[in-house]
Amino acid sequence: MDRIHITGGVPLNGTIPISGAKNAALPLMIASLLTGDTLELANVPRLADIAALTRILGNHGVDHMVVGKRPGQTTETGQTIRLTASNVIDTTAPYELVSTMRASFWVVAPLLARFGEAKVSLPGGCAIGTRPVDLLIMALERLGAQIEIDAGYVVAKTKNGLRGAEIDFPKVTVGGTHVALMAASLAYGTTVISNAAREPEVVDLAECLTKMGARIQGAGTPRIVIEGVARMNGARHEVLPDRIETGTYAMAVAMTGGDVVLENTRADLLHSALDILSTTGAEITQVPGGIRVRRNGAGIAAVDVTTDPFPGFPTDLQAQFMALMTLANGQSQIRETIFENRFMHVQELARLGARIRLEGDLAIVEGVDRLKGAPVMATDLRASVSLVIAGLAAEGETQINRVYHLDRGFEALEAKLARCGARIERVRA
């Protein structure tokens with residue numbers, strides 16, 4: 001099994017290109033099932049989750065083609081793929097495929113909307129909480145689906161197609177909003193989604209669906225209105241920049257010191273996180289086509305954070321911010337309100353010398369003068385990269401095991417950091 005080896009203590013200086021957002025690319029790829037025409041997606045990151053979803057779509061009969069390189073493309077920038085679901089031969093998504101990645105469960109929506117049936121295994125993915133699919137099922141039932149749970153599978157059917165309805169989510173759910181958007185686009189009549197997720201990835205999906213012929217208003221607000229259409233067409237769409245990758249590298253610079261320009265990204269995608277990062281002492285400025293992050297030799301200020309749905313502080317940056325706070329001057333408190341098991345990185349950070357105390361959904365971090373390298377074990381995707389950030393700032397050598405989690409969400413991580421001076425390498429098993 002691969003490992004990542006880091007010799008810490010080196011400031012980061014240079015440029016890092018930001019990839020397309022995994023959390024946007026996955027629902028966009030799934031949306032290809034809504035039409036028999038070709039959906040072309042640009043700026044798709046090269047990640048294990050993308051490859052896994054490609055296999056799942058292929059199992060349904062979706063043809064997949066990677067377009068040849070374009071000017072400026074490198075192994076650190078996105079690829080262009082074409083997906084054509086003109087000959088869907090199977091509306092079942094089996095356990096052995098869906099269990100590897102949670103988002104693949106969302107295929108239930110376009111399959112049901114277009115073909116009137118779907119049989120999809122209950123999902124897997126990172127072990128960071130139960131993350132039930134009950135709200136996703138509720139949304140489909142409101143649209144007229146008949147759903148049963150049978151031997152670990154969600155079996156969904158509709159006799160005469162889906163019909164528009166009022167969907168009022170009791171809590172904000174990104175997955176539920178994705179599912180409702182896709183299903184309602186081919187439903188008969190008007191659907192109103194209340195308490196909808198406002199994440200940029202939801203807006204990106206809505207923009208792509210609109211290019212495919214959907215009639216959607218209000219994406220990015222808590223109330224989305226969809227007028228169903230009889231048929232969707234193909235389109236071309238570019239995946240938006242990955243705000244989590246942007247925030248991750250920004251926090252790495254804030255922790256190690258240095259001066260880095262994050263290219264091909266947008267500050268408006270994560271204002272909350274960047275505002276908080278500025279409060280810790282990092283200097284953040286917008287530059288043409290990206291963001292510049294600098295930190296001089298001054299110490300890191302302790303700042304309290306609570307994770308919240310967009311536009312609040314993202315839960316997907318909580319572990320990275322905790323790594324930063326381990327070297328802050330004073331005490332900080334980090335409250336996790338989205339997932340109940342998302343503090344599994346705490347014990348591994350402690351191996352590097354961090355002082356963190358847990359009280360339910362609250363982590364209390366006492367900043368220390370220094371971290372020291374040690375062998376650590378990755379537990380999930382975001383926890384993995386928090387250990388990378390900590391290792392970059394720690395004295396001596398850090399070895400991170402089980403880095404396959406990183407390959408699910410960070411494209412060319414070692415290469416991007418190494419180009420800024422980090423002493424980091426992958427040790428192949």
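Just so you know, all these numbers are worked out from the coordinates, no wet-lab data involved. Predicted, not measured: the structure shown is a model, and the values here were computed from it. We place every Cβ from the backbone using ideal geometry, glycine too, and count neighbours over all the protein chains shown.
Here are some notes:
- Set of lysines with alpha-carbon distance to Lys416 below 29 Å, sequence-local pairs under 8 removed: Lys22, Lys69, Lys372
- Kirkwood Rh and Cα Rg combined as Rg/Rh, the range 269-413: 0.94
- Compared with the alpha-carbon gap, the fully stretched path from Thr190 to Glu263 is longer by 22.3 nm at 0.36 nm per residue.
- Fraction of alpha-carbon pairs over 20 Å apart in the range 22-238 - percent: 54
- Counting only Cα atoms, the range 285-359 measures 41, 31, 18 Å along its principal axes, largest extent leading.
- Note on the chain: antiparallel DSSP beta bridges, both residues inside, total approximately 70 percent of the bridges counted.
- If R0 is 51 Å, the Cβ-Cβ spacing of Val67 and Asn329 corresponds to a FRET efficiency of close to 0.55.
- Of all DSSP beta bridges confined to the range 22-238, the antiparallel ones make up roughly 75%.
- The distance from the alpha carbon centre of the range 324-347 to that of the range 350-414 is 11 Å, rounded to a whole number.
- Sequence ranges 167-178, 348-359, ranked by mean other-Cβ count within 10 angstrom, highest first: 167-178, 348-359
- Taking label points 7 Å from Cα along the Cα-to-Cβ direction, Lys211 and Phe115 give a separation of 2.5 nm.
- Cα-based reach from Lys157 at 22 Å (exclusive), listing lysines while leaving out same-chain residues under 8 positions away: Lys119
- Relative packing of peptides 281-292, 199-210 - highest average C-beta neighbours within 10 Å first: 199-210, 281-292
- Among Ala25, Ser99, Ala196 the positive-end extreme of the charge dipole of the chain (Cβ point charges): Ala25
- When the alpha carbon gyration tensor of the range 134-283 is reduced to an equivalent ellipsoid, its three semi-axes come out at 36, 17, 14 angstrom, largest first.
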